[in-house]
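Read the structure below first, then the notes.
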Amino acid sequence: MITIQRLTFIITLLIILSGCNNKKSEPNNFNKKTNSSKNMADTSLGKYDLLIRQGADKYLAELDKLHWFEQTNLKREEVVEYLNEHKKLPILCIYSIAENLWHDSEGYDDMERYLELTKDYLKLANIQIKTIHGFDNGEIDLATSSNSYHYTIKDFEPSNDWIEDGFIDNFINQQILTKENCNKRFYIIPPMDQSIFVLFLTPELHQQAIDKGIIPDNPNYYDDKEQLFHDANEK
């Protein structure tokens, strides 16, 4: 979950970023367009930063242009509600379009957690599991009505409870979704903490969203923001 400490950090960061623009900030102007063409033309900012500076209406407009709600499991009114609740934190826009599925990146020191995670993801993908088994050596056997799968978690041991890097992409995306002829893939939103939120999109829609600035193109987007925060404090 997004912690109070993390939200406090983001609020402080936004104040710092606003001060760098040499203009008075409007704390409640999330739904208003900025009047500064200079800020909008700042090439040092990524497409996501430039888009969220234009407000929630613009962010929703870009989603509508891509027919986002016709191609995903999300309801437009729920996204609008999220954006309104977080209007003072536009940096969180990406989380408005996260699937209703999140999990911690810790606690994977037994196979049951991996099995439950796999079940949750495949349920969202409408893929029925016929059998699934996990073994103490980190191996998983899974069968659907048409295919069988085998996967081995690297360096699986009780002393390491972090989820394996690449488990979602290597096993669920590349093996199961590909072979089951599912046209969508799971994409992890740049994390702010150890919680994992995902998008469930076609590769084409995912790339279009990056091109339009709906999704940050940097997987370490929030890490970069935290570094900027620390750098500003040291000056």
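Rounded to the nearest whole Hz, the Karplus-based 3J(HN,Hα) values (6.51 cos²θ - 1.76 cosθ + 1.60, θ = phi - 60°) of segment 54-70 follow the sequence 8, x, 5, 4, 5, 4, 5, 4, 5, 4, 5, 4, 8, 6, 4, 6, 7, with x at glycine and proline. If you model segment 102-187 as an ellipsoid using its alpha carbon gyration tensor, with each semi-axis the square root of five times an eigenvalue, the axes come out at 21, 14, 11 Å, biggest first.
If the limit is 28 Å between Cα atoms, which of K65/K119; K87/K184; K75/K123; K179/K212 go over it? Flagged as over cut-off: K65/K119; K87/K184; K179/K212.
No lab work stands behind these numbers, since they all come straight from the coordinates. Treat the numbers as computed from the prediction; the structure is a model and nothing was measured.
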